[in-house]
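Read the structure below first, then the notes.
The values are calculated or read from the model by the stated rules, or taken from the named source; none is laboratory data. Predicted, not measured: the structure shown is a model, and the values here were computed from it. No Cβ is skipped: glycine too gets one built from the backbone with ideal geometry, and neighbour counts run over all protein chains shown. Please note that ligands, DNA and RNA were not included when accessible areas were found on the heavy atoms of the full protein model with its side chains. Shrake-Rupley method; radii C 1.70, N 1.55, O 1.52, S 1.80 Å.
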Amino acid sequence: MNQRAFDETLHLSPDAVSDEMLARVGLARDEYDRAREMMGRDLTIVELGIFGAMWSEHCCYKSSRLHLKKLPTKGAQVLQGPGENAGIVDLGEGTAVAFKIESHNHPSAVEPFQGAATGIGGIIRDVFAMGARPIALMDPLRFGPITPLTAHEEAEIDDLDDEVKTRARTRYLVSGVVSGIAHYGNCIGVPTVGGEIMFDDSYSTNPIVNVLCLGTVNPDEIVRGIARGSGNPVLYVGAKTGRDGIQGATFASVNLAEDASIDRPAVQVGDPFYEKLLLEACLEIAKMDGLIGMQDMGAAGLTSSTCEMAARGGVGIEMDLDKVPQRADDLTAYEMMLSESQERMVLTVERGRESEFIEAFKKWDLDAVEVGVVIDDPVMRIKHKGVVVAEIPNNLITEDAPEYDRPTKVPEYISAIAELHPEDVVRAATRVLEERPFHADTFPSQPNQPCADLLLRLLAHPNISSKRIVFEQYDHMVRTGTIPPYDGDAAVVRIKGKKHALAISTDCPSKVCYLDPEVGAMWAVCEAARNLIAVGARPLAITNCLNFGNPEDPEVMWQFVKSIDGMSKALGALDTPVTGGNVSFYNETMRFAVNPTPVIGMVGVLPDAEKRVSQSFRASGNRIFIVGDTDYSLAGSTLACYVLQHEAGCGHPSRPDLEMLVLCRDFLLKTMADGMIESCHDIGDGGLAVTAAEMSFGTGFGCEMEVSGMMENVESVSGTELRAEHLMSVFSEAGNRWLVEIAPENAEKFASQARKAGIEVCDAGKVGGDMLGFTFNGRELCSIPLDAAEKVWRNALETYLENA
Amino acid sequence: MKFGVVVFPGSNCDHDAYYAVRRVIGEDARFVWHTERDLESYDVIILPGGFSYGDYLRAGAIARFSPILESVIAHAKKGKPVIGICNGFQVLCECGLLPGALIRNRSLKFSCKWVNLRYEATGSIFTERYYVNEIVSMPIAHGEGNYFADNETLAMLEDTGRIVWRYCAPDGTSEWSSSDAEIPAYNPNGSLNNIAGIRNEFGNVLGMMPHPERACESVTGGMDGLRIFESVING
């Protein structure tokens, strides 16, 4: 369909609106009928396009809105909840933090470098639109497998050629996405302080690229995306509008074509240098009198930005498209309204002061032009070449946009998941150790100690091994706010001139979410909270990015609804409301959907930046305590999934004890404030053994731990037989647990205070030596030279990415 | 003493340099916009890190033609102190205040991490508070920090003691063999002779890829960079 062939003022009768046309604008036939009925007349092609974009899943959350309402959004700490460019939380001391997460999955699958880069650009704009100075970026990423095919996999996989190609493409995607983030983030000078990079089959054709930005703002200087005051000018600032990214919002709301490259024109191209100018200029004008509102032009560009601003202020906007700065010749009204050209902002200012703003932008070589005016009538009126080409009441494309209660159905795979008996894991592990030699030439093997061999395999697992090769490509220190260590449980960024610091963690155990979406979402919240607590930060609030498959599939919808349920419970227990976020559906190719991936970005506050707790051991001779739950289930653990592969799912992950988590939070933060805790690390991916190993790496201190202490009904056994409780003790990821390093003189006090607080702790050993040593009831489970283990952990990811 | 921190469109370590001088040390510092020409009132000029003018074409290549650069060159020619950090070092090489060039890292990847440096040569107004062969630690963050010069220039720099900083191992080892294609692991970018920073003939101009302004407070990882600024204040 060539829009240029159309008279854009023409009101098209339903007969003239072909199915092809509707497919192109992204409207279902019944949605079109509904739009026409609400308008009470025929629509122009421009109006069709506006409805298509604004009623897209990406813009109006039509499948999710109903359910998102169940999430807690209120709290004394929340200065701005969902519905704005970004959420804002009060940190105290006259500082607030604006933060938001977004997905750029679809563009990144098609063109990884620009897809990821423009994701960064968009999320940074969301934050400075609030008047906040962006100070940190985080990038939770998910990809398909990148490891070379093992003999076992070669025997299992039907189409080997295809699998080899898919893995090669995945390595290309990883490298493209990482360079895209590095390019944009490094150039604009906002440090990338953390994130995640995880690998799983379910992401082979649908990578997850989420981007989170945080900024600081004085609570009195928050800017909002609002239009007010009839007659006030609407200013357009930034890059000129071109044909790039037309209908990106619609693109993000359908499944990807099998050949992702077909969709390339829907991807935009970013210019971080230009955005740096826009950022500095917008922060300057944010402090100027006469500014009413500011908004980023993101998805659905000029359309969504202007109608959202008008809707928030209960007014209308009349726009004259002839005034819009244009990069290409003969842009149609349709193209201008739906272009997603990057690095553009919309402002409303007081009439009579527009020249002050235009001047201020000029200093940064940026053009600000008046493209429209605020009107009392709450409509979006678009003029092009002197005639009205669209006039739509705001409410029809904002609050009255469709909202669906889509059908749900328990997925078949869920009923097929069997109970996971720890003995099954023992059998599978034993078989794996026998049958699948572990890259013997690259890494050392420990055949006489099954747990040691398994630990080395986990340390080399792409999801667990060091992410240094990726992280070093990001400038994570610019702005001199990032407080080391950089690879801790949560990233910590100080606020210059203040005593406190903010901490941030992004998490999502998507395998657990697959096995049980409700419990998985709870795990995600708990893990984020554990991470913040481990550095000494009190969790305050979250932003979430909910990445799922096709919501029109009742099984996917079921996953979504269950995830929201689990998330609500955990967020409620922790008093960490949602301040905004993003839903990304249609992460699905050929009915092959991603694991449910509700990424939690949790923000917390450290009362004293100097008291940030590290995860690295500090001194030989210090005691190591296990703190927290006594749930040692292996269901959903990295180990179980690794040894069982796909044969039996990986069991039913256990429900976390939220009350215990709250008790632990208060206890740990208190003991940290008292200076009793030397180091602390949350027990997450890989379980206790991996956690202890990570605390050792980089310090030169090994550890000697007796790991049976918190487990109940432990029998004394002899012989070399591998037993279920061995695996559970060192590899369980269930429950909320931490390893905590305590100086010997404080050990007694720490234990008694914990007992008083109703929390299980166990003095499980000491820091020191040059081995990673674990015993179970006195029997040696694992004893690996620290340097060998560290080498495996440090180099694994680089080996997979670079030497494949 | 008054520091001028030059701000090109695209500079992004300007705030960090300003903060180090103004807040950490407590000296006077001002931002100087790239279109300004008058540097008379400034004692020390800092060309900060970042991506001046987007670093399109080549790092520092466009900044060299900005209005302020003429004044920076004049400032340097009068013997007044000028330091270029990271992108600022690239600009100093592009405009001829320092010899050589900074090309893409050997790895072809951006690299951000703490590195060890050996202080080699006295004679720079910015380094009087370091002692020869001292090993310090500062962060790098660049994609184009691979120092390159022809053999003649390299020999001149070596012979005249103008190589101020060399990348080194934690124990201070910094070996370079021109016949050896193998770059030592402690050299993060492939720089010839492990060069991390050089000075001009008179010692008033210093260019370095590592970021001293990021190493001024213990809370953010270390204080080894602080003496760069203290040296010039007391110098």
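Summary table
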{"read-out": "Separation between Cα centres of region A:268-290 and region A:604-682, rounded to whole Å", "value": "41 Å"}
{"read-out": "Solvent-accessible area of A:M705 with every protein chain in place, 1.4 Å probe, in Å² to the nearest 10", "value": "10 Å²"}
{"read-out": "Accessible area of region B:2-234 divided out per residue, in Å², using a probe of 1.4 angstrom", "value": "37 Å²"}
{"read-out": "Rounded FRET efficiency, nearest 0.05, which uses the C-beta distance separating A:E221 from A:E419 and R0 of 56 Å", "value": "0.50"}
{"read-out": "Per DSSP, loop trypsin sites (Lys or Arg not before Pro) in region A:356-439 with at most 12 further Cβ within 10 Å", "value": "A:K385, A:K409"}
{"read-out": "Region A:780-804 and region A:514-534: distance between their alpha carbon centers, rounded to Å", "value": "27 Å"}
{"read-out": "Residue-averaged beta-carbon neighbours from other chains (10 angstrom radius) around B:105-112", "value": "5"}
{"read-out": "Within straight-line cross-link reach of A:K498, lysines at Cα separation under 19 Å, skipping those fewer than 8 residues along the same chain", "value": "A:K611"}
{"read-out": "Residues along region A:269-286 losing 50 Å² or more of accessible surface when the other protein chains are present rather than the chain by itself (probe 1.4 Å)", "value": "A:F273, A:K276"}
{"read-out": "Gain upon complete extension [A:D367, A:D19; 0.36 nm per residue less C-alpha separation]", "value": "121.3 nm"}
{"read-out": "Accessible surface of region B:2-234, 1.4 Å probe, proportion on carbon and sulfur as whole %", "value": "49 percent"}
{"read-out": "DSSP bridge pairs, region B:2-234: antiparallel proportion in percent, nearest 5", "value": "60 percent"}
{"read-out": "Between 0 and 90°, nearest 10: helix A:744-756 axis offset from chain A longest Cα axis", "value": "70 degrees"}
{"read-out": "Degrees between helix A:301-313 axis and first principal axis of chain A (Cα, 0 to 90, nearest 10)", "value": "90 degrees"}
{"read-out": "At least 20 Å² of accessible area lost relative to the chain alone, listed for region B:1-26 with a 1.4 Å probe", "value": "B:P9, B:G10, B:N12, B:H15, B:D16, B:Y19"}
{"read-out": "Peptide-level mean, for B:209-221, of C-beta atoms on other protein chains within 10 Å", "value": "3"}
{"read-out": "Those residues of region A:142-189 for which accessible area with every protein chain present is at least 20 Å² below the isolated value (1.4 Å probe)", "value": "A:N186, A:C187"}
{"read-out": "Per-residue SASA entry for B:R129, accessible area with 1.4 Å probe, Å² rounded to 10", "value": "110 Å²"}
{"read-out": "Kirkwood Rh (inverse of mean 1/r, distinct Cα pairs), region A:19-96, angstrom", "value": "15.3 Å"}
{"read-out": "Loop chymotrypsin sites (Phe, Trp or Tyr not before Pro), region B:1-71 (other Cβ atoms within 10 Å of the site Cβ: 16 or fewer; DSSP)", "value": "B:Y56"}
{"read-out": "Computed helical MRE - 222 nm, chain A, DSSP H runs ≥ 4 contributing -39500 (n - 2.57), nearest 500", "value": "-11000 deg cm²/dmol"}
{"read-out": "Helical contribution to [θ] at 222 nm, DSSP H n ≥ 4, -39,500 (n - 2.57), averaged over chain B, rounded to 500", "value": "-5000 deg cm²/dmol"}
{"read-out": "Residue-normalised accessible area of chain A, given per residue in Å² at a 1.4 Å probe", "value": "33 Å²"}
{"read-out": "Positive-end extreme of charge dipole, the protein assembly as shown - chosen from A:M710, A:L688, A:G768 (charges on Cβ)", "value": "A:G768"}
{"read-out": "Packing-based order for A:491-500, A:324-333, A:94-103, using average beta carbon neighbours within 10 Å, highest first", "value": "A:94-103, A:491-500, A:324-333"}
{"read-out": "Dipole of region B:2-234 [Lys/Arg +1, Asp/Glu -1 at C-beta], most positive-end residue of B:F65, B:P210, B:L154", "value": "B:F65"}
{"read-out": "List A:T691, B:T122, B:T153, ordered by accessible area with a 1.4 Å probe, largest first", "value": "B:T122, B:T153, A:T691"}
{"read-out": "Region A:346-488, accessible surface, carbon-and-sulfur percent (1.4 angstrom probe)", "value": "50 percent"}
{"read-out": "Label-zone membership for region A:195-239, site A:D159, 7 angstrom Cα→C-beta point, backbone N under 13 Å", "value": "A:205"}
{"read-out": "Whole-number percent relative contact order across region A:485-551, with pairs defined as alpha carbons under 8 Å at least 6 apart", "value": "27 percent"}
{"read-out": "Spin-label model distance (nm) - A:R29 vs A:E434, 7 Å beyond Cα toward Cβ", "value": "6.1 nm"}
{"read-out": "Solvent-accessible area, 1.4 Å probe, carbon plus sulfur percent, for region A:669-804", "value": "44 percent"}
{"read-out": "Inter-label distance, nm, simple model (7 Å from Cα along the C-beta direction), A:V410/B:T35", "value": "6.9 nm"}
{"read-out": "Efficiency of FRET from Cβ geometry, A:R41 and A:E780, R₀ 60 Å, rounded to 0.05", "value": "0.15"}
{"read-out": "Theoretical gain in end-to-end length, A:A360 to A:D322 [0.36 nm per residue, Cα-Cα removed]", "value": "11.3 nm"}
{"read-out": "Cβ-based charge dipole, region A:613-804, positive-most Cα from A:Y642, A:A754, A:L739", "value": "A:A754"}
{"read-out": "Residue-level accessible surface for A:L321, protein heavy atoms, 1.4 Å, Å²", "value": "0 Å²"}
{"read-out": "Dipole magnitude (debye, nearest 20) for chain B, charges at Cβ of Lys, Arg, Asp, Glu", "value": "400 debye"}
{"read-out": "Per-q log10 I(q)/I(0), the protein assembly as shown, q = 0.05, 0.06, 0.07 Å⁻¹ (Debye; single scatterer per alpha-carbon; no solvent)", "value": "-0.32, -0.46, -0.63"}
{"read-out": "When the convex hull of its Cα atoms is projected in every direction, mean area for chain B (nm²)", "value": "11.4 nm²"}
{"read-out": "Shielding of A:348-356 by partner chains, average beta-carbon count, 10 Å", "value": "0"}
{"read-out": "Protein heavy-atom accessible area occluded, B/A pair - total, 1.4 Å probe, Å²", "value": "2500 Å²"}
{"read-out": "Alpha-carbon centroid distance for the pair region B:36-68 / region A:387-401, whole angstrom", "value": "48 Å"}
{"read-out": "Kirkwood-type radius of region A:613-804, with distances r between different C-alpha atoms, in Å", "value": "17.3 Å"}
{"read-out": "Per-pair calculated FRET efficiency, R0 = 41 Å: A:E798 and B:E152 via Cβ, rounded to 0.05", "value": "0.65"}
{"read-out": "Whole-number percent relative contact order across chain A, with pairs defined as alpha carbons under 8 Å at least 6 apart", "value": "15 percent"}
{"read-out": "Extended-chain gain in nm, criterion 0.36 nm per residue less alpha-carbon gap, A:N448 and A:V269", "value": "59.0 nm"}
{"read-out": "Between 0 and 90°, nearest 10: helix A:272-285 axis offset from chain A longest Cα axis", "value": "70 degrees"}
{"read-out": "Greater than 27 Å apart at Cα, pairs in A:K100/A:K323; A:K74/A:K670; A:K499/B:K109; A:K287/A:K383", "value": "A:K100/A:K323; A:K499/B:K109; A:K287/A:K383"}
{"read-out": "Accessible surface, 1.4 Å probe, highest first, among residues A:F750, A:F592", "value": "A:F592, A:F750"}
{"read-out": "Point-charge dipole on Cβ atoms (K/R +1, D/E -1) for the protein assembly as shown, about Cα centre, debye to 20", "value": "2500 debye"}
